[in-house]
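Colleague: This is the structure, below, for whatever I ask next.
Readers should treat all values here as calculations from the given coordinates under stated rules, not as data from a laboratory. Keep in mind it's a predicted model, so treat the numbers as computed, not measured. Don't worry about glycine lacking a Cβ; one is built from the backbone with ideal geometry, like all the others, and counts go over all protein chains shown.
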Amino acid sequence: MDDLELSRASGASAHILMVDDDPGIRDVVSEFLTRHGYTVETAADAAAMERVLERGDIDLMVLDVMLPGEDGLSICRRLAGGGGPPIIMLSAMGEDTDRIVGLEIGADDYLPKPCNPRELLARVRAVLRRRQEPKPVEDHHGGVLEFAGWRLDLVRRELRTPQGVVINLSSGEFSLLRALVERPQRVLTRDQLLDFARGPETEAYDRAIDVQISRLRKKLDDGAGGQELIRTIRNEGYMFSAKVTRT
């Protein structure tokens with residue numbers, strides 16, 4: 001299977017928005033992704049980005065950190081909190097601490113600049129594969145997982161507190177929480193969680209799991225009634241401690 005066939009097999013009809021103020025980078029990335037079967041639009045700043053997003057047909061964003069006006073971190077934080085498309089961030093700041101900041105505010109992946117276009121393509125495929133994974137068939141198994149009063153709707157990709165409040169989750173957070181909730185009271189290593197949540201071909205690193213676990217715990221704390229829903233098992237990994245039922 002060649003690159004174009006692989007792209008099509010992994011959902012390459014997806015619509016991607018590249019946001020970067022460098023016209024050279026925009027041209028190189030958009031041309032490369034277009035050659036691999038994706039539909040690509042570009043924007044130089046937040047205002048141009050918003051005009052494209054208003055149509056509502058963007059499946060993924062490639063977002064630079066350093067932008068004129070509103071910067072990429074602010075944009076990412078705002079869109080992740082409002083249920084926007086998955087985001088791969090690009091930044092000349094390539095240290096681990098910078099990557100962690102990007103992941104903490106809701107990015108689905110993070111690449112240092114300059115990046116190899118083929119590596120970016122692999123990350124795009126991985127993020128889209130996670131977002132486009134088949135929805136559960138609504139049969140007798142049900143599409144809602146309930147635990148400690150919470151409801152995780154696998155079809156709507158929605159988490160509700162015991163009080164019925166919807167909690168915003170990034171696509172990465174949703175996939176990780178689903179991986180845990182579908183395997184309750186079982187110790188899962190970081191590698192297993194990467195495989196279950198992101199697919200065995202992901203190039204993400206295990207520190208990303210720790211970051212997203214921390215974010216999930218903060219979102220689950222308020223309605224957990226003092227129960228530690230996600231337990232750290234020292235030197236082994238994590239375990240979802242609550243009893244889970246399907247409805």
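Colleague: Hey, can you grab everything whose amide H is under 5 Å from the amide H of E158? Only 5+ residues off in sequence or another chain; H modelled, so Pro and N-termini drop out.
Modeller: Answer set, sorted by chain and number: D153.
Colleague: If amide H atoms are built 1.01 Å from N in the plane of the peptide, which residues on other chains or at least 5 residues away come under 5 Å of the amide H of V40?
Modeller: When sequence neighbours closer than 5 places are left aside, the close amide H contacts are I16.
Colleague: Let me ask another. Most exposed first by the Cβ proxy, i.e. fewest other Cβ within 10 Å, how do F196, F174 rank?
Modeller: F196, F174
Colleague: Report the Cα centroid-to-centroid distance between the stretch 30-48 and the stretch 73-87 in angstrom, as an integer.
Modeller: Their Cα centres are 18 Å away from one another.
Colleague: To the nearest 0.05, how large is the calculated FRET efficiency for R231 and I100 if R₀ is 22 Å and r is the Cβ-Cβ distance?
Modeller: 0.50
Colleague: Could you tell me whether the stretch 3-131 comes out rounded, prolate or oblate from its Cα gyration tensor? Rule is a ≥ b ≥ c as square roots of the eigenvalues, rounded for a/c under 1.5, then prolate if a/b exceeds b/c, otherwise oblate.
Modeller: Rounded shape, in that the Cα axes give a/c under 1.5.
Colleague: How far apart, in nm, are the 7 Å Cα→Cβ label points at D210 and V187?
Modeller: Label-label distance for D210 and V187, simple model: 1.8 nm.
Colleague: Now a separate question. If the only charges are +1 at each Lys and Arg Cβ and -1 at each Asp and Glu Cβ, what is the size of the charge dipole of the stretch 3-131 around the Cα centre, to the nearest 20 debye? Before the final figure, lay out the partial values.
Modeller: Details: 15 positive and 23 negative charges, 110 e Å.
Roughly 540 debye for the stretch 3-131.
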